[in-house]
């Protein structure tokens, strides 16, 4: 007992001077830097496996001596049986002692070394670590062979390589022992293999990393994602090259990120994914995940905060990672949806100006601006009785953003819709005035031209009804200048010329009737009615 306490004190004193420089330590590792476990992670080869595996199993420093005493007592018992034998015989004695006195019950998830020493419950990894501890204590050379879901010992003894399957008492030199292979398969469900494409050779440092990786796997299975992530980080800090460690670390980053996302801890989640993108080979997987969660976070921020917060967040993220343009486009869409419902288009106007500076070639942003512009016009048209009161606001949108065909069409809608509403209340002059104002802004608008021609025709027809044929001709001709090929317009114009002559004939004003007949024939030389009036008026 005194020996063990002295050993621990000496070990801790030594660590205070030791240069710790091994492995990648995540900034998300939640471990005090002055703790024994942290020092083990930095330099695992500097510690006996019995110490590092117990610490990894969660044994606190002040309880270590109890377990180390147990190991020391086992060692002393083994010593009584192995004096003077060959390396192979010593290793066999240790193996037999372990199965006769320590290992009791196999279970797939019995990883913890403290549980093994207290209860005898073991699995392939904990039994291999225990055997490795004794081999290390007796100065025997070893490594471990790791498969995707299994591990066993590779013993170097008497110039031989001996495979030792620690889960079965028949497992010593299992490569040459068919009975042991059958017993192993019956106990674990695994098939013994030495296939080069499946195995990976690891040392005691690798065993320690595999132990943390197994803890991570079990934690994830129990949905304890925070603990799973911490154990995966520890495994990765020690030996990232092991396939088991690599796969578990990848899974732990994904699981923990999703766990944080569900808890709305988005920023921590995104920072964890950024670290995964930097250190893990599956960069594209984590990049895609980062982009997806960032998009979700921005939507959440838009709903719950001021719009400037997500906009600033994206700008800061761009300093660290290249973001696809879709992220910014989606952000502006979320902002649009929120402010559209609140009819806060003045705010959108200012935000879009910055947006075009950020992503000037974005077609989606331009479409969003056009949609917002249309919403602005819709609001103004609803207030059509106060026509053009806010025209400057509408024109500010049009002039500030792209004057493309779509925005031009929206501006045409603004003028034509207001004019149309006035025309429906028979305020034709006011409607004409509004369209003419639109033509001052959009000089080449066929839409406005056609609508103006129709208004002139409506005005002309109203004069026809009043038998004011002079003004009727004036407005029909104004319409004709705009749309000279309109058949209905020409038909109405022809009718006015006829009515004009007919009216003067009825008044017996044959002189004017003749003049009006010739004016009509000048426009429509083949008109049968006007030709008839010419013949009729010759003798008048």
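The values are calculated or read from the model by the stated rules, or taken from the named source; none is laboratory data. Only a predicted model underlies this, so the values are computations on that prediction, with no experimental measurement involved. Every residue, glycine as well, gets a Cβ built from its backbone with ideal geometry; the counts of neighbours run over all protein chains shown.
Starting from residues that are in contact (Cβ under 8 Å) with a residue 12 or more places away in the chain and part of a loop (DSSP other than H, G, I, E, B), keep the ones in the range 48-90 and report whichever is surrounded by the fewest Cβ atoms within 10 Å (Cβ to Cβ).
86
Could you check the range 174-205 and list, in sequence order, the residues that are crowded, with 18+ Cβ neighbours inside 10 Å and in contact with a helix residue (DSSP H, G or I) (Cβ under 8 Å, 6 or more places away or on another chain)?
Of everything in the range 174-205, those that are crowded, with 18+ Cβ neighbours inside 10 Å and in contact with a helix residue (DSSP H, G or I) (Cβ under 8 Å, 6 or more places away or on another chain) turn out to be 174, 180, 181, 184, 188, 192, 202, 204, 205.
Residue 146 fails exactly one of the following numbered conditions: (1) surrounded by 15 or more Cβ atoms within 10 Å (Cβ to Cβ); (2) modelled with pLDDT of 95 or more. What is the number of that condition?
It fails just one condition, (2).
Conditions tested, residue by residue: (1) at pLDDT 95 or above; (2) under 13 Å from residue 49 (Cα atoms); (3) in contact with a helix residue (DSSP H, G or I) (Cβ under 6 Å, 6 or more places away or on another chain).
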residue: 100; (1), (2), (3): yes, no, no
residue: 109; (1), (2), (3): no, no, yes
residue: 112; (1), (2), (3): yes, no, no
residue: 115; (1), (2), (3): yes, no, no
residue: 119; (1), (2), (3): yes, no, no
residue: 122; (1), (2), (3): yes, no, yes
residue: 128; (1), (2), (3): yes, yes, no
residue: 134; (1), (2), (3): yes, yes, yes
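How about the range 436-467: which of its residues are outside any loop (DSSP other than H, G, I, E, B), without any contact (Cβ under 8 Å) to a residue 24 or more places away in the chain and farther than 14 Å from residue 408 by Cα?
Correct list: 436, 463, 465.
Report whether or not residue 358 is surrounded by 13 or more Cβ atoms within 10 Å (Cβ to Cβ) and within 16 Å of residue 312 (Cα to Cα).
So residue 358 fits the description; yes.
Quick one: in the range 498-540, which of the residues that are touching a helix residue (DSSP H, G or I) at 6+ places or on another chain (Cβ under 7 Å) and more than 24 Å from residue 477 (Cα to Cα) is surrounded by the fewest Cβ atoms within 10 Å (Cβ to Cβ)?
Going through the qualifying residues, I end up with 540.
Looking at (1) at negative phi; (2) surrounded by 15 or more Cβ atoms within 10 Å (Cβ to Cβ), find the lone condition where residue 424 falls short.
(2)
Can you name the condition, by its number, that residue 480 falls short on among (1) within 20 Å of residue 466 (Cβ to Cβ); (2) under 60 Å from the mean Cα position of the chain (by Cα)?
(1)
Considering (1) more than 23 Å from residue 218 (Cα to Cα); (2) at pLDDT below 95, say which one residue 156 fails and leave the rest.
Among (1) more than 23 Å from residue 218 (Cα to Cα); (2) at pLDDT below 95, the lone unmet condition for residue 156 is (2).
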